[in-house]
Every structure is written in C-alpha cells, then in structure tokens.
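**Student:** Just dropping this structure here.
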Amino acid sequence: MNLHEYQARDLLRTAGIPVPEGGVATSPDQVEAIARRLGGTVVVKAQVHAGGRGKAGGVKLARDPGEARKAGTAILGMQIKGLVVEKVLVVPAADIASESYLGLIMDRESQRPVFMVSAAGGVDIEEVAAKTPEKITRLPVDPRYGLLAHQALGLGLVLYQDFQQARAAAAIMQQLYGVFVANGASLAEINPLVTTAAGQVLALDAKISIDDNELDRRPDLAALRDESAEEPSEVAARKAGLSFIKLDGDVGCVVNGAGLAMATMDLVKFYGGQPANFLDIGGSSNPEKVVSALRIITADRNVKAILFNIFGGITRTDDVANGIVTATRQFKVDLPIVIRLTGTNEAEAFRILEAVGMRALSDMDEAVKQVVALARGAAAKGGAA
Amino acid sequence: MSIFVNAETRLVVQGITGRDGSFHARQMLEYGTQVVAGVTPGKGGQTFEGRVPVFHTVADAVKATDANTSVIYVPPALAAGAIAEAADAGIKFIVAITEGIPVLDMARVLPFVRERSCRLLGPNCPGLISPGSAKVGIIPGQICAPGRVGLVSRSGTLTYEVVNHLTRNGIGQSTCVGIGGDPLIGTNFIDVLRAFQDDPATDVIVMLGEIGGTDEQKAAEFVADYVRKPVVGFIAGQTAPKGRRMGHAGAIISGASGTAEEKLEAFRRAGIAVMQRPVDVVELVGAAKR
C-alpha cells in the first residue's frame, strides 16, 4: 500500500527527521490560508498515487497567497492518470544548495533491507540505477542489529564532504530505518534529501510503501489507505477478498491462483485476444467470491466475453459452479461466458452447470480460443451497429 | 529416488488442528505420507484422526516421534515464529504453506533458519510431492504420477496445469516443488535445480517462472554453468503491465527489470527450451527425453 507524500512526511516528522513545515488542503481557501501562514514562496503539490505529477501540471510554485490560491484551484479536481486530485500539500519553496537521494527497500536478493544513497538526487532514481549504477552506494542492513552508527556515518560521508552535514544525514538514515521497521515498510525513500544555503539537511519529499501483509495486524496503518486515490473496481475487489487489476482489453478473466491467472492472460493474447483484467479468486473458494468477481468484471463496459479458468485443488470447482449459477440468478449477465473447470469435484460442477443449461470445458486452450472468438465476434457486431 | 521428501520423510504438521491444517493433514495421510505428529500449542495430548499424536511444541514432537520434516499451516502473524520453532527443534526441512507473512518477519527468520543448517521451502507455496512416496503441502496427489521429470515452480495452480498435461500424456515426475510467490523465500530456483541435477532419478527439468525480480535470470545462468540435464522453461506474465503487483507479492515489474522478455531471453541464452503455452510442456519434455 502506497502512502501519500503528506502521510509519509508525517511519519518522518514523528520520527524526528527534519521536514519543512507544511499543510494539507482540500480547498483553494485552505491553500491560501496555509500559504499565508508559511509566508514567502510556496509549492502546491497534488496528492495522488501516480508518477509524473510535475509533468502533468500537478506541482506549482506560488510567490504569494493569491498565487497559491490560483494554483490550488487549478490542481484540486484535476485528473492525473485518471485519478482526481482531492488533496494538495502546501510547503515552503526550499532554498536548495544540493539534492541527494536516500532510499531503503526490502531487497529480494540479499533478503534484507538495503540502503541506497546517491549524490545524484531529485531525479528518477531508477534511471540512475539503470544508466549509472556506480553513482548509487548500496548497503544491506542485518535486520537483527539495524543500521549501526558507523554504517550510517559511512553512508553520510558518501553524500557530504562536510562532516556536520554527513553526521546530520547519518542521523536521518538511522531514523528512516526506524520508520521502515516500525511501520512494516517495503520501501521508504527521501528524494530529494537537500542541503539549504544555510547548510541544514532536510527531507523535502518522501515516499513510503507499506507491506500489504502488515495491514491485518496494524489497523493504524490500514487506516491510512485512501480509497479515493484508487481505481473503484480494484477497491471493490479488495473488499471482496479478490486480487484484481484492471487492464485495457475485452476478455474478462476469472482464475484461481496468481500464476495461472497470468498464464491465462498470456494465452488470451497468444490466441489473438486482449485480457480485460487480472483476477485471482484465491485458494479457498466460496460462491460469494465468484458472485463478486462477476459483478466487478461485468461493470467494465469494455468487456465483451468472460472466461472462467479454474484448476481445482483447494478450490472446489463445484463451489465455483454454484457461484456462477447464483450470480446469473442475482443479476442478468448479458455477456457470453466460457467456463473451464478441472480438478476437485469436477463431475459435480459439470452437473450443476448442465442443470441450468450451461456447459463447461475441461481444456484450457480450447476455452481460451472460444472466448477470444466470442469477444471478437461481439466487437465486430458492436462496430457494425 | 526424488529430492527433499521421500518414503523416509517423518512429518510433523504445525497447525494440525486448524481448518487448513486438519484438511491437508488428512489428505497427506491418505496419500501415504508418514505424518508422525501434529503441533498446536494448548492441544498437546490429543490425537488426530485416531492415529497422529498432537504436541504443544515441535521440540516435544521431535523427541517423541523422530520427526525430520515440518509443514506449517499456522496463521500469518504466527508463522515466522513457527518456522523458527521448527528450526530450533532440529527439523532439517521446513515447508511453509502460509500466505501473507509480513516480509520483515521473513527477513528476520531466514538467517535464523540458515544458522541451524535447515532448509525452508516457501512461504506462500503449495509445498512439494514426490509422487508415489510422499506429499508435503497441498499439491493434489491425483494429478501426479511417478516418473523422471523434476518440476520447480513459483506458483500453485499453474503447476497443477502443467503437471496435469504431463501425467495425462504418460510422463511421470520425480518431484514437483513449489518455491512460492513471495519476495523473500527460503529455497530458490537454483537450490532446486542443483538438487535435480544431483538426483539420479531425474532426467529432465521443468522450470515455471513468472515476472518480477531476477531469480529466473540467475537460474538461467546456473543452468548454463552447472546443469547437464535438459531444461524446459515457462514465464507467466508476458501481458502484465509495469508497476502492478500481480497477486504474488513478488510478481511485479519494477523499472526495466523483471519483465517476461528479459527472462525469456535469459532462458534462451542458457539453452532452455521455452514453452509458449502450458500445453507445450508435453512436446518439449518429449523432445528432451529423446
């Protein structure tokens, strides 16, 4: 789960990391008031979970409260990558002498949190990593001991020649490590970490992602989720216990298991179709999940045909069949459905479907070919009408 | 022969009285796995299915039954603790089925397990099966058959799909291993590839990977350098968009790294025969056997 910049800043500030004053606003009035309180030039920043805010016009400089109000009016309500901006962060424009990058991620390879620091800050760090990896210093941290003082100072000295600044950066790194561990983060990043003309070291922008697996035992963190910043169908799916990602195609897919769900999308493409979504109904099936899945998929107007691909293991295929029957009784599904079921209780599942005049296939390739043909046929008809 | 589990496996089931643990313990017993003990703190002294003694701790279970392998079905918040407990009790092979263990918990428990010379499979994995001798985890026994193909995979149901094609076409398996879809796992592709290379009962290896991370690329390098048996490979997620996590916590393309193209290219460079579709496994394994 990604936090907004203002939420991440709050976590850093609570940990003692120097972060410039600022405020969150949901109306131009509030933007103006915050700008007046801060005084001087401010930056108004859209709070959405999308990259490229600046390029999209979601970050504006304002020299006085009047300009800030105008910037707020322009940014609040605008869409960035399909997401409506409902909140802005207003911060003083910093007097920047240098910009660095400071990041902490859970690294798959070393199986530890790894610090990454670079004097090339303020830019896309992935680009730096790809093009000039030598500009990034990496340090895996043993989670049993945390970031030790000498390690932090070593990293601080990578960033700053001035000893006081290096020591200030080292303190920030130890605090950032504390934030990472205390909040079950999978990523915590300060970009840029700046020095001001007066020599102070400050965290100007922050990004924190929380490991989704922490949210069950950490209701305080789960409460930070901002559903308005997410695709509505994905919010509905999460509430129903489904793993769902909307895509641009026209073949709706309902699958059990993430690997098989991806392989199903790939096979749709292989046979000339385009998947409309990734959807994993998970292991232990109940008919309710199938009903929710069908609701979410049929709400997408691009979908022309629906494919069920279920390999029963823990998932009982008769449960899935019951779910399909229940769903089609609860609401009218106007789209063609192709059902592939195999594995646990498949004979019973086939019987349940046949009783209501539906038919299931047992071969995945055959099912995918059929659904692609149906989607294509529907698209051709729609185009002619 | 087979890898990691066989007829000598003496299994303790952690979480045996829970909903998932009891269901799968029954399935493993039916398959013929030697389930010698169960562990649920607070339920020591009970007997499961009239024949499996239940203990408060893994240490008690090991002392009483000489269990050498453990499988874990406990809830995510307690699972890392259960892994550590098994390692401390002297278990040498631990299979963690539990999905949703916080990654920081795993970062702490993995070094603990390694210091005790113990192998962890998973978490968030379907376990493994050596058809005909032992099943540890949740892979359905009826879709597997004894034979000489070794299979290693990140996923559950995709594994079933591929194994099913093999079995229906008369191609049996030595061992099928699911390593799990989490970012931090105990046993990776290379560990399993090495074991299959060293296993005299395995002739051909099938490797099912997916987008995200660099494990498949490293595995491909290992195949080129070390594996002398034919390898057939698949990558799921060719149509996945960047930056979105596809169900598995590890299945995410970040930046330019972890894409299907990158992984398939690494496979081809290593001489791995690439499956376009799950069904292609039959033809490619058949060709490799000839």
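**Student:** Looking at the structure I just gave you, is residue B:140 closer than 24 Å to residue B:16 by Cα, surrounded by fewer than 24 Cβ atoms within 10 Å (Cβ to Cβ) and within 14 Å of another protein chain (Cβ to nearest Cβ)? Write out each step before concluding.
**Tutor:** Details: closer than 24 Å to residue B:16 by Cα: yes; surrounded by fewer than 24 Cβ atoms within 10 Å (Cβ to Cβ): yes; within 14 Å of another protein chain (Cβ to nearest Cβ): yes.
Here the answer is yes, as residue B:140 does meet what is asked.
**Student:** Further question on the same structure: Considering only residues that are at positive phi and either surrounded by fewer than 18 Cβ atoms within 10 Å (Cβ to Cβ) or aliphatic (A, V, I, L, M) (or both), which ones fall in the range A:157-203? Lay out the reasoning, then the answer.
**Tutor:** Restricting attention to the range A:157-203, the residues satisfying the condition of being at positive phi are A:184, A:199.
Answer for the range A:157-203, where residues must be at positive phi and either surrounded by fewer than 18 Cβ atoms within 10 Å (Cβ to Cβ) or aliphatic (A, V, I, L, M) (or both): just A:199.
**Student:** Let me ask something additional. Considering only residues that are exposed (fewer than 12 other Cβ atoms within 10 Å of the Cβ) and β-branched (Val, Ile, Thr), which ones fall in the range A:122-151?
**Tutor:** Selection gives A:132 alone.
**Student:** Hey, among the residues in the range A:347-359 that are within 28 Å of residue A:250 (Cβ to Cβ) and touching a residue at least 24 places away in the same chain (Cβ under 8 Å), which one's farthest from the other protein chains (Cβ to nearest Cβ)?
**Tutor:** Within the range A:347-359, the subset within 28 Å of residue A:250 (Cβ to Cβ) is A:349-350, A:352-354, A:356-359.
Subset that is touching a residue at least 24 places away in the same chain (Cβ under 8 Å): A:349-350, A:352-353, A:356, A:358.
Numbers: A:349: 15, A:350: 17, A:352: 20, A:353: 20, A:356: 25, A:358: 22 Å.
Top of the filtered list is A:356.
**Student:** Same structure, new question: Can you say whether residue A:154 is within 30 Å of residue B:112 (Cβ to Cβ), out of contact with any helix residue (DSSP H, G or I) (no Cβ under 9 Å at 6 or more places or on another chain) and modelled with pLDDT of 95 or more, as far as the supplied structure shows? First the steps, then the outcome.
**Tutor:** Working: within 30 Å of residue B:112 (Cβ to Cβ): yes; out of contact with any helix residue (DSSP H, G or I) (no Cβ under 9 Å at 6 or more places or on another chain): no; modelled with pLDDT of 95 or more: yes.
So residue A:154 does not fit the description; no.
**Student:** From the list A:299, A:261, pick out the single residue that is away from chain B (no Cβ under 14 Å), in contact with a helix residue (DSSP H, G or I) (Cβ under 9 Å, 6 or more places away or on another chain) and of a type in the set (Gly, Ala, Ser).
**Tutor:** On the way: A:261 fails: away from chain B (no Cβ under 14 Å).
Among A:299, A:261, only A:299 is away from chain B (no Cβ under 14 Å), in contact with a helix residue (DSSP H, G or I) (Cβ under 9 Å, 6 or more places away or on another chain) and of a type in the set (Gly, Ala, Ser).
**Student:** Just need a number here: residues in the range B:228-242 that are among the aliphatic types (A, V, I, L, M) and surrounded by fewer than 20 Cβ atoms within 10 Å (Cβ to Cβ).
**Tutor:** In the first step, residues of the range B:228-242 are kept if they are among the aliphatic types (A, V, I, L, M); the result is B:231-232, B:235-236, B:240.
Cutting the leftovers down to surrounded by fewer than 20 Cβ atoms within 10 Å (Cβ to Cβ) gives us none.
Final tally of qualifying residues: 0.
**Student:** Return yes when residue A:103 is touching a strand residue (DSSP E or B) at 6+ places or on another chain (Cβ under 6 Å), surrounded by 14 or more Cβ atoms within 10 Å (Cβ to Cβ) and at pLDDT 90 or above and no when it is not. Walk me through it before giving the result.
**Tutor:** Numbers: touching a strand residue (DSSP E or B) at 6+ places or on another chain (Cβ under 6 Å): yes; surrounded by 14 or more Cβ atoms within 10 Å (Cβ to Cβ): yes; at pLDDT 90 or above: yes.
Yes.
**Student:** So which residues in the range B:56-78 are part of a helix (DSSP H, G or I) and in contact with a strand residue (DSSP E or B) (Cβ under 6 Å, 6 or more places away or on another chain), if there are any at all?
**Tutor:** Residues of the range B:56-78 part of a helix (DSSP H, G or I): B:58-65, B:76-78.
Listed by number, the residues that qualify are B:58, B:61, B:65.
**Student:** Can you tell me which of (1) closer than 20 Å to residue A:295 by Cβ; (2) facing chain B (nearest Cβ under 8 Å); (3) more than 21 Å from the chain's Cα centre (by Cα); (4) not small (Gly, Ala, Ser) is the one residue A:270 doesn't meet?
**Tutor:** For residue A:270, the exception is condition (1).
**Student:** I've got another one for you. Looking at residue A:273, is it at pLDDT 95 or above, assigned to a loop (DSSP other than H, G, I, E, B) and touching a strand residue (DSSP E or B) at 6+ places or on another chain (Cβ under 7 Å)? Write out each step before concluding.
**Tutor:** Working: at pLDDT 95 or above: yes; assigned to a loop (DSSP other than H, G, I, E, B): yes; touching a strand residue (DSSP E or B) at 6+ places or on another chain (Cβ under 7 Å): yes.
Taking the combined requirement at face value, the residue satisfies it.
**Student:** Give the residues of the range A:247-268 that are in a helix (DSSP H, G or I) and closer than 20 Å to residue B:243 by Cα, sorted by residue number.
**Tutor:** Residues of the range A:247-268 in a helix (DSSP H, G or I): A:258-268.
Those that are in a helix (DSSP H, G or I) and closer than 20 Å to residue B:243 by Cα: A:258, A:259, A:260, A:261, A:262, A:263, A:264, A:265, A:266.
**Student:** Of the residues A:314, A:281, only one is farther than 22 Å from residue A:370 by Cβ, within 14 Å of chain B (Cβ to nearest Cβ) and among the β-branched types (Val, Ile, Thr); which? Spell out the reasoning first.
**Tutor:** On the way: A:281 fails: farther than 22 Å from residue A:370 by Cβ.
After applying the criteria, what remains is A:314.
**Student:** Name the residue that is nearest to the chain's Cα centre (by Cα), counting only residues in the range A:19-48 that are surrounded by 15 or more Cβ atoms within 10 Å (Cβ to Cβ) and part of a loop (DSSP other than H, G, I, E, B).
**Tutor:** Residues of the range A:19-48 that are surrounded by 15 or more Cβ atoms within 10 Å (Cβ to Cβ), as a first pass: A:19-20, A:22-25, A:28, A:30-35, A:38, A:41-48.
From what's left, part of a loop (DSSP other than H, G, I, E, B): A:19-20, A:22, A:41, A:47-48.
Values: A:19: 24, A:20: 26, A:22: 25, A:41: 32, A:47: 14, A:48: 11 Å.
Ranking the qualifying residues of the range A:19-48, first place goes to A:48.
**Student:** What pairs come out if I take residues in the range B:103-115 that are within 8 Å of chain A (Cβ to nearest Cβ) and under 21 Å from residue A:187 (Cβ atoms) and pair them with residues that are of a type in the set (Ser, Thr, Tyr) and not in a helix (DSSP H, G or I) whose C-beta lies under 7 Å away, six or more apart or interchain?
**Tutor:** As it stands, the answer is B:103/A:186, since those pairs meet every condition given.
**Student:** Does residue B:85 fit the bill of being under 18 Å from the mean Cα position of the chain (by Cα), in a helix (DSSP H, G or I) and among the charged types (D, E, K, R)? Break it down into steps so the answer makes sense when it comes.
**Tutor:** On the way: under 18 Å from the mean Cα position of the chain (by Cα): no; in a helix (DSSP H, G or I): yes; among the charged types (D, E, K, R): yes.
No; evaluated as a whole, the condition is false for this residue.
Condition check ((1) within 14 Å of chain B (Cβ to nearest Cβ); (2) within 17 Å of residue A:176 (Cα to Cα); (3) in contact (Cβ under 8 Å) with a residue 40 or more places away in the chain) across all residues:
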| residue | (1), (2), (3) |
| --- | --- |
| A:94 | no, no, yes |
| A:112 | yes, yes, no |
| A:119 | no, no, yes |
| A:125 | yes, no, yes |
| A:128 | yes, no, no |
| A:134 | no, no, no |
| A:147 | yes, yes, no |
| A:150 | no, yes, no |
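**Student:** Residue A:324 passes all but one of (1) surrounded by fewer than 21 Cβ atoms within 10 Å (Cβ to Cβ); (2) under 19 Å from residue A:296 (Cβ atoms); (3) aliphatic (A, V, I, L, M); (4) at pLDDT 90 or above; which number fails?
**Tutor:** Residue A:324 satisfies every listed condition except (1).
**Student:** If residue A:94 satisfies all but one of (1) farther than 24 Å from residue A:21 by Cβ; (2) in contact with a strand residue (DSSP E or B) (Cβ under 8 Å, 6 or more places away or on another chain), what's the number of the condition it fails?
**Tutor:** (1)
**Student:** I've got another one for you. Looking at the range A:58-87, which of its residues are closer than 12 Å to residue A:25 by Cα and basic (Lys, Arg)?
**Tutor:** Once the filter is applied, which keeps residues that are closer than 12 Å to residue A:25 by Cα and basic (Lys, Arg), the range A:58-87 yields A:69, A:87.
The values are calculated or read from the model by the stated rules, or taken from the named source; none is laboratory data. Since the model is a prediction, treat every value here as computed from it, not as a measurement. Because the Cβ atoms are built from the backbone with ideal geometry, glycine has one as well, and the counts that use them run over all protein chains shown.
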